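Q: Please find one structure pasted underneath; my questions will follow.
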Amino acid sequence: MAKILIIEDEAAIRRVLSKILSEENEAYQVEEAEDGLIGIEKIKNEEYDLVLCDIKMPKMDGVEVLEAVKKIKPETPIVMISGHGDLDTAVNTMRLGAFDYISKPPDLNRLLNTVRNALDRKELVVENKRLKKKVSKNYEMIGKSEAIVGIKDMIEKVAPTDARVLITGPNGTGKELVAHWIHQKSDRAKGPMIEVNCAAIPGELIESELFGHVKGAFTSANKDRAGKFEAANGGTIFLDEIGDMSLSAQAKVLRALQENKIQRVGSDKDIKVNVRVVAATNKDLKKEIADNKFREDLYHRLAVILVKVPALNDRREDIPDLVAHFAKKISQEQGAPIKNFSAQAIAKLQEYDWTGNIRELRNVIERLIILGGKEVSEDDVKLFAAK
């Protein structure tokens, strides 16, 4: 059922519009407001699929209502109602974000077509937003354990904000999955997600990788090059294994977080960047701080929200779901029928000490699918999953 709000100071016009819409479609739930201030209060407290708003009203005119709605409920389409002398203003409201305008007295066909089009547009906007919030299957977080449910709940709260997040946990636990969930469920999902493995980049190149360089900055700098922070502008940068970053690079990252600007290596020109930073590490950064290997001020900048990803040994109840997930995914990748795992085989897998965490479990599942029987048995696990 579509909820429509009519904001109009003339009672007769309100009644006519309400009657037309109600008779056109029984699914239209029509409400009225006699001035802009009352209309705004209703919009703050209720969800409307469409607003019809007069331009000339006492207390608060239609342009002011439009500007206010675009701030508090930007997805709500607004159709302006204009008198003959308001046509220029009505056209200008389109530039301010109005969906359309109709003239007084309203032409029946024009009114109904505009209402249908506006409601269709609202439905598309909502659906697009839902799809953007849906996380790609490549980055699913599998499990129903208390720890995983807690992480998912935290992501739902944190993702829509721009708060920086520090993800901690042992190698192979899926810290990058958490980072991708945060990005894909955020308002930055349409922007880039740039990943940087700080441990994989030599110390002398990390600053150039992150911030770029200008031609001649060092021997092999043959041309200007943008860094990862610039590439991530408008989106998210994921600094994986940030505990391995050099102290000099840490200082530059700190400046980027404080001032939202960077400098390419070899340049003193500031470049403004709009980037959300998500970082991850398998190290105890507080110990690294005590050993003067990590900046305490950078830690506090990064750890606005702290997400701790548990080791697989601490969430063994998730192993059956993980086995089913990997068995299906690996079989599909290999173009082979999906193999079942016996209850005894899964129970045996739950007994192992998973020092390599989920990454190790996936490798074992792949080995069992290739080498095991038609149904993977406990004996297959003992034979092929042995350490």
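Q: Tell me which residues, restricted to segment 244-284, are among the β-branched types (Val, Ile, Thr) and assigned to a loop (DSSP other than H, G, I, E, B).
A: Scanning segment 244-284 gives Val273, Val275.
Q: Next question. Scan segment 334-357 and give yes if some residue there is among the charged types (D, E, K, R), in a helix (DSSP H, G or I) and under 32 Å from the mean Cα position of the chain (by Cα), otherwise no.
A: Looking through segment 334-357, none of the residues is among the charged types (D, E, K, R), in a helix (DSSP H, G or I) and under 32 Å from the mean Cα position of the chain (by Cα).
Yes/no per residue for (1) assigned to a helix (DSSP H, G or I); (2) in the same structural domain as Asp107 (by TED's automatic domain parsing); (3) touching a strand residue (DSSP E or B) at 6+ places or on another chain (Cβ under 6 Å):
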| residue | (1), (2), (3) |
| --- | --- |
| Asp9 | no, yes, no |
| Val30 | no, yes, yes |
| Leu37 | yes, yes, no |
| Ile43 | yes, yes, no |
| Tyr48 | no, yes, yes |
| Leu52 | no, yes, yes |
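Q: Sticking with this structure for a sec: Suppose the filter is in contact with a Pro (Cβ under 7 Å, 6 or more places away or on another chain), assigned to a helix (DSSP H, G or I), at pLDDT 90 or above and outside the structural domain of Leu361 (by TED's automatic domain parsing); does Ala147 pass it? Before the answer, list the steps.
A: On the way: in contact with a Pro (Cβ under 7 Å, 6 or more places away or on another chain): yes; assigned to a helix (DSSP H, G or I): yes; at pLDDT 90 or above: yes; outside the structural domain of Leu361 (by TED's automatic domain parsing): yes.
Criteria met by Ala147.
Q: Report every pair of residues separated by at least 6 positions or lying on different chains whose Cβ atoms are under 7 Å apart, first residue within segment 255-278 and closer than 25 Å to Val158 by Cβ, second of a type in the set (Val, Ile, Thr) and in a helix (DSSP H, G or I).
A: Val278/Ile182
Q: Quick one: in segment 157-178, of everything that is in a helix (DSSP H, G or I) and in contact with a helix residue (DSSP H, G or I) (Cβ under 9 Å, 6 or more places away or on another chain), which residue is surrounded by the fewest Cβ atoms within 10 Å (Cβ to Cβ)?
A: Glu176
Q: Can you go through Lys56, Lys71 and tell me which one is more than 26 Å from Val126 (Cα to Cα) and surrounded by fewer than 18 Cβ atoms within 10 Å (Cβ to Cβ)? Walk me through it before giving the result.
A: Details: Lys71 fails: more than 26 Å from Val126 (Cα to Cα).
Sole residue among the options that is more than 26 Å from Val126 (Cα to Cα) and surrounded by fewer than 18 Cβ atoms within 10 Å (Cβ to Cβ): Lys56.
Q: Can you name every residue in segment 285-309 that is basic (Lys, Arg), assigned to a helix (DSSP H, G or I) and out of contact with any helix residue (DSSP H, G or I) (no Cβ under 6 Å at 6 or more places or on another chain)?
A: Quick first cut of segment 285-309, residues basic (Lys, Arg) only: 286-287, 293, 295, 301, 308.
Going one step further and asking which of them are assigned to a helix (DSSP H, G or I), we end up with 286-287, 301.
Matches in segment 285-309: Lys286, Lys287.
Q: What number of residues within segment 54-68 satisfy the criterion of being touching a strand residue (DSSP E or B) at 6+ places or on another chain (Cβ under 6 Å) and β-branched (Val, Ile, Thr)? Show your work before the answer.
A: Just the residues of segment 54-68 that are touching a strand residue (DSSP E or B) at 6+ places or on another chain (Cβ under 6 Å), to begin with: 54-55, 62, 65-66.
If we keep only those that are β-branched (Val, Ile, Thr) too, we end up with 55, 65.
So the answer is 2.
Q: For segment 133-144, how many residues meet the condition of being farther than 12 Å from Val178 by Cα, at pLDDT below 65 and surrounded by 14 or more Cβ atoms within 10 Å (Cβ to Cβ)?
A: Here the count works out to 1.
Q: Test Ile102 against the criterion of being closer than 18 Å to Ala12 by Cβ, of a type in the set (Val, Ile, Thr) and modelled with pLDDT of 85 or more, and give yes or no.
A: So Ile102 fits the description; yes.
Q: Does segment 54-62 contain at least one residue that is assigned to a helix (DSSP H, G or I) and either at pLDDT below 95 or in contact with a Leu (Cβ under 6 Å, 6 or more places away or on another chain) (or both)?
A: Yes - at least one qualifying residue is present in segment 54-62.
Q: How about segment 59-68: which of its residues are of a type in the set (D, E, K, R) and buried (at least 17 other Cβ atoms within 10 Å of the Cβ)?
A: Asp61
Q: Among the numbered criteria (1) surrounded by fewer than 20 Cβ atoms within 10 Å (Cβ to Cβ); (2) at positive phi, which one does Lys190 miss?
A: So the condition that Lys190 fails would be (2).
The values are calculated or read from the model by the stated rules, or taken from the named source; none is laboratory data. Predicted model, so just to flag it, every value in this text is computed and none were measured. Counting neighbours? That spans all protein chains shown, and the Cβs are built from the backbone with ideal geometry, glycine included.
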